[in-house]
1. Which condition number in (1) of a type in the set (Val, Ile, Thr); (2) surrounded by fewer than 17 Cβ atoms within 10 Å (Cβ to Cβ); (3) assigned to a loop (DSSP other than H, G, I, E, B) is the one that residue 1055 fails?
2. Could you tell me whether any residue of the range 785-797 is within 52 Å of the chain's Cα centre (by Cα), buried (at least 17 other Cβ atoms within 10 Å of the Cβ), within 19 Å of residue 1135 (Cβ to Cβ) and not basic (Lys, Arg)?
3. Could we say that residue 1077 is in contact with a Lys or Arg (Cβ under 8 Å, 6 or more places away or on another chain), under 30 Å from residue 344 (Cβ atoms) and of a type outside the set (Gly, Ala, Ser) here?
4. Is there a residue in the range 150-167 that is of a type in the set (Lys, Arg) and closer than 22 Å to residue 99 by Cβ?
5. Can you name the condition, by its number, that residue 34 falls short on among (1) at pLDDT below 75; (2) over 60 Å from the mean Cα position of the chain (by Cα); (3) not basic (Lys, Arg)?
6. Considering only the range 211-230, state which residues are closer than 23 Å to residue 82 by Cβ and crowded, with 17+ Cβ neighbours inside 10 Å.
7. Here are some residues: 453, 515. Which one is over 18 Å from residue 381 (Cα atoms), touching a strand residue (DSSP E or B) at 6+ places or on another chain (Cβ under 7 Å) and not charged (D, E, K, R)?
8. Taking the options 709, 722, 730, name whichever one is open to solvent by 50 Å² or more (accessible area, probe 1.4 Å) and at positive phi.
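The values are calculated or read from the model by the stated rules, or taken from the named source; none is laboratory data. Bear in mind the structure is a predicted one, so any value in this text is a computation, not a measurement. So basically every Cβ, Gly included, is an ideal-geometry build from the backbone, and we count neighbours across all protein chains shown. Remember, those area values only see protein heavy atoms, side chains included, never the ligands or the DNA or RNA. Shrake-Rupley method; radii C 1.70, N 1.55, O 1.52, S 1.80 Å.
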Amino acid sequence: MLLGEKRQELLDQANKLRTGLFKIDETREKVEVMSLELEDAKKKVAEFQKQCEEYLVIIVQQKREADEQQKAVTANSEKIAIEEVKCQALADNAQKDLEEALPALEEAMRALESLNKKDIGEIKSYGRPPAQVEIVMQAVMILRGNEPTWAEAKRQLGEQNFIKSLIYFDKDNISDKVLKKIGAYCAQPDFQPDIIGRVSLAAKSLCMWVRAMELYGRLYRVVEPKRIRMNAAIAQLQEKQAALAEAQEKLREVAEKLEMLKKQYDEKLAQKEELRKKSEEMELKLERAGMLVSGLAGEKARWEETVQGLEEDLGYLVGDCLIAAAFLSYMGPFLTNYRDEIVNQIWIKKIWELQVPCSPRFAIDNFLTNPTKVRDWNIQGLPSDSFSTENGIIVTRGNRWALMIDPQAQALKWIKNMEGNQGLKIIDLQMHDYLRVLEHAIQFGFPVLLQNVQEYLDPSLNPVLNKSVARIGGRMLMRIADKEVEYNPNFRFYLTTKLSNPHYSPETSAKTTIVNFAVKEQGLEAQLLGIVVRKERPELEEQKDSLVINIAAGKRKLKELEDEILRLLNEATGSLLDDVQLVNTLQTSKITATEVTEQLETSETTEINIDLAREAYRPCAQRASVLFFVLNDMGRIDPMYQFSLDAYISLFILSIDKSHRSNKLEDRIEYLNDYHTYAVYRYTCRTLFERHKLLFSFHMCAKILETSGKLNMDEYNFFLRGGVVLDREGQMDNPCTSWLADAYWDNITELDKLTNFHGLMNSFEQYPRDWHLWYTNSNPEKAMLPGEWENACNEMQRMLIVRSLRQDRVAFCVTSFIVSNLGSRFIEPPVLNMKLVMEDSTPRSPLVFILSPGVDPTSALLQLAEHTGMAHRFHALSLGQGQAPIAARLLREGHWVFLANCHLSLSWMPNLDKLVEQLQVEDPHPSFRLWLSSSPHPDFPISILQASIKMTTEPPKGLKANMTRLYQLMTEAQFTHCSKPTKYKKLLFALCFFHSILLERKKFLQLGWNIIYGFNDSDFEVSENLLSLYLDEYEETPWDALKYLIAGVNYGGHVTDDWDRRLLTTYINDYFCDLSLTTPSYRLSVLDTYYIPKDGSLASYKEYISLLPSMDPPEAFGQHPNADVASQITEARTLFETLLSLQPQITPTRIGGQSREEKVLELAADVKQKIPEMIDYEGTRKLLALDPSPLNVVLLQEIQRYNKLMKTILFSLTDLEKGIQGLIVMSTSLEEIFNCIFDAHVPPLWGKASFPVPHTACSGLQRAWSISLTEAFGVMDPGPGCACGTV
């Protein structure tokens, strides 16, 4: 699935980039072609421009001529128009005159037209016509120019066209003579149409014609001159009009030519304009193309490189995906060094051996995520170190739901911030409705965070963990608790646990992806650096935070812009140059990208400068980070030593606020480091048992020196492990056998191999007497070393020699080493002050008493409640069902609630855990406090321990510490209430010393007490009350009563052994006597250091106690100086073993040229080689069957035990070798054997099956298990003939 996803992802990216590159190349080619076209277009535009200019010159010239002609024609036209008016006036005048005759003429014409042949024939038929007819015909004949006779008239009437000739008679040319004659006829009274019409209608018509002609002729004579003048004017006018017409024709021709020129000019202009627009468009396109090509030039180079890289990645994809899938599946639980070693040293090499293509620069963070996403995660709270980044990748990209090992709630915060806006649902297995919430989230696609899971997961979660989704009818369904729930693909499931080292079953590991989110040094250091800079230089850190956000936003914006550019290029159809909107969008995107890039460069430069300024505070963050991991290591010593990162950060901030300030940065950093280191020591010591306080100081000191590069790690490792001799044959002989044990010589020979100790073995040959004197010195750590070694050794190297030869003095060396490097404060644990603890606490923080045997904090707590006025609101609740509501009610009302012995009710602890969790989110009453007490137990809820203030009730270690504690509990009123203050103060001091001696004497083991007794504070309080009471009651000091009541009854009530009672009596007799009151500075031991100080105030006594030595010499107890050798050796071994358990289980460098695995394999092979073969039990039993003596029975039993032990050792070593080689799974027991062999310890599995082996000063496996076995069985000789031979 990952291969397909990544292949598609890379192909999509490559195709997008290829398309973008193709578009850019296509645009560049078009630009080249367009450039040529633009040059050609520019030439044509210039040519057309020239033609247009030439045309324009011609047009202007002809326009000028046309304008002149136009002016002339216009002037002529005006003149002709005037003449036309005149002519028209003449015509109108003539026409007016003519119009008088026109009606008669028209009537006559109509009458003529009405005549027909019959009418004409009627007239013609007259032989002798009537006079009226004849007169009419005469007049007609006269007008026609014929003879005015009837005969002629008849002849004319006979003509076919007679009527037509009359109609078309030339009336304009009637002569004056004819007109005169006709006028005579018309003047006759009878020559009227109406009168004549009585005779003949035809004659009437002719009469009318004659009269019309006479009228017309007469008028014509008047009109004709006018017409002549008019015609003359018209003729002249026509000439002028003709000339005008000709001029107009010429003008028209000129206009047409001008129009044609204009048309040609316009065409040329249009062509030129078209070319100009085209060239401008081309220029614009070229400009856009230039911007586009130049703008994307950077992208082009980068995209080409990216495409090449993507193509290479595609070739490597199979191997890369194989590694990535394996990384997601298997690397979650491992730390960085394991991950790097497995990926780079094993997987990649194997893949190359198998010739599977794999990227030589493979990096999981680059392959499965991107910097923008990682920066978002960092802003959301994921630490910025590479380990946390890898964890983020595994959580977000793994196929299985992530189960995060998150002891410091780093992952919890990140998930909450990352998924908070997506509707995150937070549940835990203690919620009664968690399944309902889970079902709802699955159905609607909300993310779910299941927090505080333990090593066992509810089986009802299996369908969710297994992603058991079935597709039914197109729906995705998941069955949860017999209920089908629709599955939303957006659903996400996260699981977190606060267990620091849980052991999950293989089934759980298969269902989930286990991810180790334990805080790392690099990530914590970055967080603490941010905190200290924010407090010291707030403006710097605010600027840094702003820049981080701006840079993240800027890079995200750049990515979005690049994606947008690629999207536009991919979606573009046709030429990019034709898509103005696309080019503008691309240009805008590019401008924005340039601005963002510039801002990013500026921001990153500023960030570098800020980081340089912040780096000045790096030593503070580094020291604080180291100290936290020292605290974290303590949890591996005791399950109750759990510390919250949030609480530690609060302590760090408090140290920043309260530490001494200085204007000089180096001094300020030194002050802050010193203050915080001691604050951590003071804060932690009240949590630790006495036996762990020196160890804590030394571990803290070693880690600080290691971080600063002042600790030689080879020497430190030797200090913890001692020398292990693998081959005695090559070992130099012990030159001091008379006083130097072989075990110590082994240490010296191995120490000689270290760089700074070459020649140490030879010095024992050179200076055996000096070495013996040093060896037998009571304080060898202070004595001078023989020869040149006094000046050659520093303090750590001197400790190695002491560790090799005098382990009983190691504790003194360690103490001195701590004082030299950290100061005396770090070997003097502060006395527990419950009032100060109370003031440091908040209502949200439980206060937990970590119980020690025989110590009950209830009385001290009641005393504190009375002192603070809370006694009436103090409630001690028994644990169990139904207590949560009561506790919740008391919480709201501001009570003190004390839940004692929580370890006896572990089943109710999840409910208490829920209650404490509610305290963190609710607002409890300011007076509320939750007090708890519990013995150390691995199942006590880690979250409660992390959120709480922890206190041990164990008495402190040492006379000085115990006396300091007792006087610290003493109030001024209590110190002065006795009526005999002088006696009381001296005897009180003696009583305190007595109490401290009894408590501390147990360190001498059997030399201290035959039976260890649980003396406690109650014994002291009762004794102090008795002392005060009896001194007040009696004038004389009642010694016998006081001794009996204190030593015989009160303390003696614990004692069951007679010798121990005798010791108790001896001590009380020494301390409670008259001399103690009368003798100034009465000595309480043979040493001058311990005495009763002179009378003074409570403060003076405290001051005297502070001057006492931190390490108690045996003489203070009345013991021999060597009395504590055994206890000191035991203490030193415990110190070594505990510190060894805190060392990293792998080392980044090879030890002595060997890896851990190689060294363990060599040791295992050496042990197997030196272990004798198993004894033939059956053969021996048969041989001894006839002699069932007790010795033989014991021998057979020992043979069985021996064979069982040999079998256990051989089988375990064989399995261990296979496990190291990867042939079988490394089980927990095999891992334990591996670590024990590497640390030169006897594995517990072997110890259970073994017989007692003498404990030597060195823990060498060869010596303790090869030689000792042979020696143990070699003392038994079953005799000749025994099947087992001499064992």
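1. Failed condition: (2).
2. Step one: filter the range 785-797 for residues within 52 Å of the chain's Cα centre (by Cα), giving 792-797.
Keeping just the survivors that are buried (at least 17 other Cβ atoms within 10 Å of the Cβ) gives 793, 796-797.
Add one more test, that the residue is within 19 Å of residue 1135 (Cβ to Cβ), and what stays is 796-797.
Filter again for not basic (Lys, Arg), leaving 796-797.
Yes; the residues of the range 785-797 include at least one that is within 52 Å of the chain's Cα centre (by Cα), buried (at least 17 other Cβ atoms within 10 Å of the Cβ), within 19 Å of residue 1135 (Cβ to Cβ) and not basic (Lys, Arg).
3. The answer is no for residue 1077.
4. Quick first cut of the range 150-167, residues of a type in the set (Lys, Arg) only: 154-155, 164.
Subsequent filtering for residues that are closer than 22 Å to residue 99 by Cβ retains none.
Within the range 150-167 (the criterion being of a type in the set (Lys, Arg) and closer than 22 Å to residue 99 by Cβ), the answer is no, since none of the residues qualifies.
5. Condition not satisfied by residue 34: (2).
6. Taking the range 211-230 as the starting set, the residues that turn out to be closer than 23 Å to residue 82 by Cβ are 225-230.
Scanning the range 211-230 gives 226, 227, 230.
7. Exactly one residue qualifies, and that residue is 453.
8. Just one listed residue meets the conditions, 709.
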